[in-house]
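Have a look at the structure below before the remarks.
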Amino acid sequence: MIGTPPASSRDRGAALRAVVGIFLPVDCVGCGAPDRALCASCRTHVAARPPGVRLVAGVRTDVAFAYEGLVRTLVLEVKLRARVDLAGPLAHRFGALVRRALAEAPDGTVVLRVPPSRRGARRRGFDPVVLLLRRGRAPVGSALVRSTVRGGRSGGRDGSGQKELTATERVAATVGTLRAEGVAGRTVVLVDDVVTTGVTLAEAVRAVRAAGGTVLRCVAVASVDG
Ligand SMILES: [Zn+2]
């Protein structure tokens, strides 16, 4: 019988890219090379970037990447434009760090996500951390709850109003903006996308402790301080 052999997934991937490329030409976001969203050379460059460790509120925080250069571009493309095609390199290492944290934690440890800002969630309609955890084959867990408006404005991250605040004022403005539920007596791995000052992640740690839980570790996709 004459027939075409079944296409391998690699062939199908190439065929799909060719078809998509007709309608939506893509260039590498790292170097502009044609036809791939992230070329092999830029992929290798990202994979060679070292992970990092920070301390946030006394908790070890594993950071998949420093938030700089091409990593920063990838994070922004995933967060702002839902570029699933660029999520792989970030998700792979982030997911592995979350899975490792859970492997070293007691049974029953829960994954809790720092929620995106209300404004960001409204604008984007999805949580980039969920996207990266799923893609990285790590448990998505549940999200901390964003408390109701305090002091006349929504508390939280990325607020443009926070730019004029001093560090102390920023911490004070953030305390009480998050709430953890169902963690009494449980151990928790906290996950977040980008850690900048660490104020939001520290608030998440505070919220878990206030609810009777213990934060074993935090894991972030990227950190401004490496
Ligand atoms: Zn490239």
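The values are calculated or read from the model by the stated rules, or taken from the named source; none is laboratory data. In this text the structure is predicted, and so the values were computed from the model without any measurement. Neighbour counts are summed over all protein chains in view; Cβ atoms, including those assigned to glycine, are modelled from backbone coordinates with ideal geometry. Remember, those area values only see protein heavy atoms, side chains included, never the ligands or the DNA or RNA. Shrake-Rupley method; radii C 1.70, N 1.55, O 1.52, S 1.80 Å.
Place a point 7 Å from the Cα of Val26 along the Cα-to-Cβ direction; which residues of the range 57-86 have their backbone N under 17 Å from it?
Zone members listed by number: 71, 73-86.
Given points 7 Å out from each Cα along the Cα-Cβ axis, report the Val145 to Asp85 separation in nanometres with one decimal.
4.1
In what sequence, highest mean first, do 178-187, 49-58 appear when ranked by Cβ atoms within 10 angstrom?
178-187, 49-58
Using a Förster distance of 22 angstrom, determine the FRET efficiency expected from the C-beta separation of Arg122 and His92, and round it to 0.05.
0.15
Got a sec? Charge dipole of the range 49-223, +1 on Cβ for Lys and Arg, -1 for Asp and Glu; which of Ala87, Ser223, Gly69 is way out at the positive end?
The residue sitting farthest along the positive end of the dipole is Ala87.
Under the rule of at least 5 residues apart or a separate chain, name every residue whose amide H is placed under 5 Å from the amide H of Val191.
Under 5 Å from the amide H of Val191: Leu112, Arg113, Val114, Val219.
Probe of 1.4 angstrom, ligands and nucleic acids ignored: what's the accessible area per residue over the range 49-223, in square angstrom?
Heavy-atom accessible area per residue stands at 45 Å².
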